[in-house]
Amino acid sequence: MIWVGMHLKDSTKMLHMQFRANKDTKHLGVEEFLKALRQYCIPFTSKETLWNEFQAIRQMLNGRTLPIQDIANKIKQYQMQLPRISNWQYYHQLLKAMDAPLLQAVRLFINKDMEWDKLIE
């Protein structure tokens, strides 16, 4: 379990430290920690609300252009919450979320059949 903490940061790392410090959970393994993490990270909300939030993801936020990796991570987070959405929908949401100049620059080099990590590169 110790190796998990080396790869975490921010609030996730704090949750891991609390998990390890708690006398009731310190003996539990990675699988149990991931279950606790999922409960912490994925709120139980309406599927319709989640769908609307998913559809609203954009690279431009308050006049700032966010890194596309952040947008891709946000889209993948919704995959955990809305597993009924297909990879095709995730791909098209990424295209829809992209800033127009970035989309123009990469459109010829990406396609829906690419592995997600390769697509983001």
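The values are calculated or read from the model by the stated rules, or taken from the named source; none is laboratory data. What you see is a predicted model, and the numbers here were worked out from it, not measured in a lab. In this analysis, Cβ positions are derived from the backbone assuming ideal geometry, glycine residues included, and neighbour counts consider all displayed protein chains.
Looking for something in contact with a Cys (Cβ under 9 Å, 6 or more places away or on another chain) and closer than 30 Å to Arg20 by Cα - is there at least one such residue anywhere in segment 56-73? First the steps, then the outcome.
The initial filter retains those residues of segment 56-73 that are in contact with a Cys (Cβ under 9 Å, 6 or more places away or on another chain), namely none.
Taking every residue of segment 56-73 in turn, none turns out to be in contact with a Cys (Cβ under 9 Å, 6 or more places away or on another chain) and closer than 30 Å to Arg20 by Cα.
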Open item on the list: Six or more apart or on different chains, Cβ atoms under 8 Å: show the pairs whose first residue is in segment 31-44 and at pLDDT below 75 and whose second is in a helix (DSSP H, G or I) and exposed (fewer than 12 other Cβ atoms within 10 Å of the Cβ).
Closed with: Arg38/Met80; Ile42/Met80
Open item on the list: Any residue at all in segment 105-115 that's touching a helix residue (DSSP H, G or I) at 6+ places or on another chain (Cβ under 9 Å), surrounded by 15 or more Cβ atoms within 10 Å (Cβ to Cβ) and in contact (Cβ under 8 Å) with a residue 12 or more places away in the chain?
Closed with: no
TODO: Looking at (1) modelled with pLDDT under 90; (2) not in a loop (DSSP other than H, G, I, E, B), find the lone condition where Ala105 falls short.
DONE: (1)
